[in-house]
Amino acid sequence: METGEKIPGYLGIDAEGKRVMSDNFAGKPLIIYFYPKDNTSGCTAEACSIRDGYEALTERGYVVIGISKDSTASHIRFATKYDLPFILLSDEDTTVNQSFGVWQKKKMAGREYMGTVRTTFITDANHNITHIIKKVNTKDAYSQITDILDGKTK
């Protein structure tokens, strides 16, 4: 996905096992962040950074959604453990990851594998992508987002 494109309709499965569509958030701008795995150090730091700024983001009118290929049960445990107030969606078959273009070949310790590339998408109220953060600072993800919203960075 690129800036200016409309996000896909299907976003994943929520904690109650229901399919979530972008239309569920009609007229609201979105912050959708893709992350590799619940309860890992980088993903926890990112989630907690966004959690700490969540109220300010919602005051600006944004809906915050985290998406990974973890199960809904894993998301429930993760959200409970870290008091995460935003929506976590499951994408176990990577359909959503693929539609956003974040399911890519990765390398670690000399081996190649397919995985989620940590990426944040910011949309307008019509769900057109206004910004994409490809180099996420996990410890300061909230400030990265607000710097963009405040026009401090692109």
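Since every read-out is calculated from the coordinates, none of them should be taken as a lab result. Remember, it's a predicted structure, so these values are computed and weren't measured experimentally. Neighbour counts are summed over all protein chains in view; Cβ atoms, including those assigned to glycine, are modelled from backbone coordinates with ideal geometry.
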Once a ≥ b ≥ c are taken as the square roots of the eigenvalues of the Cα gyration tensor of region 9-78, is the result rounded (a/c under 1.5), prolate (a/b larger than b/c) or oblate (a/b not larger than b/c)? oblate
Nitroxide proxy distance, nm - points 7 Å out along Cα→Cβ at A45 and M21: 3.9 nm
Relative contact order of region 61-154 (C-alpha contacts under 8 Å, at least 6 apart) in percent is 16 percent
Mind checking which lysines have their Cα closer than 16 Å to the Cα of K134? Skip sequence neighbours fewer than 8 apart in that chain. K105, K106, K154
Among [x] 39, 34, 30; [y] 117, 46, 17; [z] 51, 37, 34, the entry derived from the coordinates for Cα extents along the principal axes in Å: [x]
For region 9-18, just list the computed ³J(HN,Hα) in residue order, Karplus coefficients 6.51, -1.76 and 1.60, θ = phi - 60°, integers in Hz, with x standing in for Gly and Pro. x, 8, 10, x, 10, 8, 4, 8, x, 9
Cα-centre dipole for region 10-149 with unit charges at Cβ (Lys and Arg positive, Asp and Glu negative), debye to 20: 540 debye
Report D for region 66-154 in µm² per second (integer): Stokes-Einstein, Kirkwood Rh on Cα pairs, 25 °C, 0.890 mPa s. 166 µm²/s
Two-site label geometry, K28 and E92: point separation in nm, points 7 Å out along Cα→Cβ: 2.6 nm
Using a basic spin-label model with each label point 7 Å from the Cα along Cα→Cβ, how many nm lie between R77 and E5? 3.4 nm
